[in-house]
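Have a look at the structure below before the remarks.
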Amino acid sequence: MQSRCRKFPLFIWTVLIVVGPACVRGAAGLSIGWTNNMLTISGPNVPGQKVEIWYLEAFCRSGSTHRDWRQTTIPHKTELIKSDATGKRLQLRTRVEPAIEVLHEIRAGTDEVDFRLTLQNKGDQKADVQWFQPCMRVARFTGLNQSNYIERSFIFTTNGLTTLNQTRRTEEALYRGGQVYVPAGINLEDVNPRPISPEQPVNGLIGCFAQDGKSLLAMAWDHTQELFQGVIVCLHNDPRVGGLKAGETKRLHGKVYWLPNDAKALLQRYKRDFPDRGRL
């Protein structure tokens, strides 16, 4: 009896070491692919099997808040330059009219996808490109639909992590549905023409919880025009460009995180990756 008792705790400890982390992230990490303007993030244990991001939905001019959306969006086209066989790296090129080139370096890690963008105006005139939209679809991840996914979606406010159903929401706008959360310093005339919440985010994180409650998904960029809860079970952190002078080059850095459901750990990771963005 004594010999069996000594072996039993050792058996339990071994199971916890081998199985525990794999339940959250998976030993193989994340993989990425891109086709037909859709970036796919997948992994063996990702809730819903994959996360899709409409990459990219739109590039936008200033003066957008009270204007027909068709007058705000700027024609653009993205193409695949290179991808590796392991699904860990992508290179894309976007051409935005009239003369802007955007080069994307996208890499998948164990629990994140890293975005490095270089934007250059190759024309001889200033370009009114204020922001653009990566649209992250979260129905699979949350297990919810348009009517209720805000219950598992969040931003950070002065009250800390706040689910979107607990934020102050409005309904009046040029287009009904969804909710726009505008950081300090952004012109309210230059955001999505959907209802604008009086709630102001305190950092550049927007995310959601998995249907099993064990993990979370979040997006962040080093410059943010708006955080947006959309109308196709989607979440946006829409990066800010702020216009490009003739010949000007700007760089942007973004992340998509897939982490255990731990708000404190998410904030620590965000502050490590974006040390100048602890608060907007």
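Summary table
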| read-out | value |
| --- | --- |
| Accessible area of the stretch 150-228 belonging to carbon and sulfur atoms, whole % at 1.4 Å probe | 44 |
| The stretch 67-134 - percent of accessible surface contributed by carbon and sulfur, probe 1.4 Å | 46 |
| Cross-link pairs beyond the 21 Å C-alpha cut-off, checked among K214/K264; K50/K271; K77/K271 | K50/K271; K77/K271 |
| Estimated vicinal HN-Hα couplings, Hz - the stretch 110-127 in sequence order (Karplus 6.51, -1.76, 1.60; Gly, Pro = x) | 5, 9, 7, 10, 9, 10, 10, 10, 10, 10, 10, 8, 8, x, 9, 10, 5, 10 |
| Charge dipole magnitude, Cβ of K and R +1, D and E -1 - the chain, Cα centre, debye nearest 20 | 940 |
| Under 20 Å from the Cα of K88 - aspartates and glutamates, other chains or at least 8 residues apart | E52, E79, E105, D111, E112, D114, D273 |
| Calculated from backbone phi, Karplus (6.51, -1.76, 1.60) coupling profile of the stretch 31-38 in Hz, x at Gly/Pro | 10, 10, x, 9, 7, 6, 6, 10 |
| The stretch 62-172 - accessible surface per residue (Å², probe 1.4 Å) | 50 |
| Choice from W258, W34, W69 showing the highest fluctuation, given a GNM over the chain with Cα pairs closer than 10 Å | W69 |
| Listed residues T110, Q268, Q71: farthest to the positive end of the dipole of the chain (Cβ charges) | T110 |
| Highest-MSF residue in the chain out of P198, P134, P260 [GNM, Cα springs under 10 Å] | P198 |
| Set of lysines with alpha-carbon distance to K126 below 17 Å, sequence-local pairs under 8 removed | K245, K250 |
| Theoretical ellipticity at 222 nm over the chain - DSSP helices of four or more residues, -39500 (n - 2.57) apiece, nearest 500 | -4500 deg cm²/dmol |
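The values are calculated or read from the model by the stated rules, or taken from the named source; none is laboratory data. Keep in mind that what you see is a predicted model, and the values were worked out from it rather than measured. Cβ sites come from the backbone with ideal geometry, for glycine too, and all protein chains shown count toward neighbours. Surface areas here come from the heavy atoms of the whole protein model, side chains and all, with no ligands, DNA or RNA. Shrake-Rupley method; radii C 1.70, N 1.55, O 1.52, S 1.80 Å.
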